[in-house]
Amino acid sequence: MKNNLAVIGECMVELQKCGQHYRQGFGGDTLNTALYFSRLTQHTGNQTAYVTGVGCDGFSQNMLAAWSAEAINTELVFELPQKLPGLYAIETRDDGERSFHYWRNDSAARYWLRHISTDELTPKLSAYQWIYLSGISLAILPDDCLEKLFTVLSACKKCGCHIAFDNNYRPALWENSIKAQQAYHTILSLTDMAFLTFDDEVQLYGDQHEAQATDRTLA
């Protein structure tokens with residue numbers, strides 16, 4: 001039985017400092033999932049798709065080419081002419097500690113849901129047996145896009161899709177913790193497989209014991 005996977009998220013342009021220069025690449029939590037799932041399963045006939053928004057610039061075109069080279073389906077990648085991909089830079093201190101700097105507040109990945117209707121997106125997404133997304137996938141979306149995504153995911157569940165969710169909580173991306181908790185409550189009510197990092201649960205809910213996180217998730 002095939003387990004085709006659609007991964008929803010954001011890929012950004014990555015700049016990593018190397019001496020006096022920067023090396024350019026691409027990165028993102030969900031992109032890594034799509035990349036390695038494709039590498040591990042493409043020989044079995046499984047299909048991996050990435051679901052996001054990009055621009056029409058050279059960086060975006062290079063992203064699409066790189067994904068296609070990894071056998072990642074890009075039919076659900078939306079090109080937004082007035083937007084650009086997000087950007088982040090990595091600096092490494094002398095002690096080896098890394099720091100990250102982000103420019104993503106108006107990235108294309110925030111707005112792709114405004115470029116397709118719920119009725120159009122649902123059958124395209126429900127063609128995949130599994131849908132994977134993370135806390136970052138939710139955090140970057142404006143309120144209207146987030147609600148639309150939940151509507152689509154609920155419809156996909158009714159079509160037999162399974163949903164996998166990685167909590168990956170980043171406080172800086174949320175207006176406040178209450179909004180994050182509400183979004184997590186909604187997505188976890190739809191989730192079949194949850195990948196929870198306890199440190200993230202501590203940050204978001206103030207948990208002191210792992211049982212608190214599992215009890216809340218399974219409730």
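The values are calculated or read from the model by the stated rules, or taken from the named source; none is laboratory data. Small disclaimer: the values here were computed from a predicted structure and weren't measured. Every residue, glycine among them, receives a Cβ derived from its backbone with ideal geometry; neighbour counts consider all protein chains shown.
A search for C-beta distances below 7 Å between a residue of region 30-47 that is among the small types (Gly, Ala, Ser) and any residue that is at pLDDT below 95, counting only pairs 6+ apart in sequence or on different chains, returns GLY45/LYS2.
Checking each residue in region 149-183 for being closer than 19 Å to ASP106 by Cα and buried (at least 20 other Cβ atoms within 10 Å of the Cβ) picks out only LEU149.
Listed by first and then second residue, the pairs linking a residue in region 203-217 that is within 22 Å of TRP174 (Cα to Cα) to a residue that is small (Gly, Ala, Ser), with Cβ atoms under 7 Å apart and 6 or more places separating them unless they lie on different chains, are LEU204/SER177; LEU204/ALA180; ASP207/ALA213; THR217/ALA194.
Of all residue pairs spaced 6 or more apart or on separate chains, those with beta-carbon atoms under 8 Å, a first member in region 52-64 that is without any contact (Cβ under 8 Å) to a residue 40 or more places away in the chain and a second member that is in a strand (DSSP E or B) are CYS56/GLU79; ASP57/LEU84; ASN62/PHE26; LEU64/VAL54; LEU64/VAL77.
Evaluate region 106-129: report whether one residue or more is closer than 22 Å to ILE187 by Cβ, within 16 Å of the chain's Cα centre (by Cα), of a type in the set (Gly, Ala, Ser) and not in a helix (DSSP H, G or I). Among the residues of region 106-129, at least one is closer than 22 Å to ILE187 by Cβ, within 16 Å of the chain's Cα centre (by Cα), of a type in the set (Gly, Ala, Ser) and not in a helix (DSSP H, G or I), which makes the answer yes. Being closer than 21 Å to MET12 by Cβ, crowded, with 17+ Cβ neighbours inside 10 Å and hydrophobic (A, V, I, L, M, F, W, C) is true of LEU146. Looking only at residues in region 15-53 that are under 14 Å from ALA109 (Cβ atoms) and not aliphatic (A, V, I, L, M), the one that is surrounded by the most Cβ atoms within 10 Å (Cβ to Cβ) is TYR50. For region 106-114, the criterion of being modelled with pLDDT of 95 or more and more than 25 Å from ILE163 (Cβ to Cβ) is met by at least one residue.
Among the residues making up region 133-168, those that are touching a helix residue (DSSP H, G or I) at 6+ places or on another chain (Cβ under 8 Å), among the aliphatic types (A, V, I, L, M) and without any contact (Cβ under 8 Å) to a residue 40 or more places away in the chain are LEU141, LEU146, VAL152, LEU153, ALA155, ILE163. Taken together, the criteria place ILE131 among residues that are in contact with a Cys (Cβ under 6 Å, 6 or more places away or on another chain), of a type outside the set (Ser, Thr, Tyr) and crowded, with 17+ Cβ neighbours inside 10 Å.
Only a single item in (1) within 24 Å of ASN3 (Cα to Cα); (2) among the aromatic types (Phe, Trp, Tyr); (3) in contact with a Leu (Cβ under 8 Å, 6 or more places away or on another chain) is not met by TYR169, and it is number (1).
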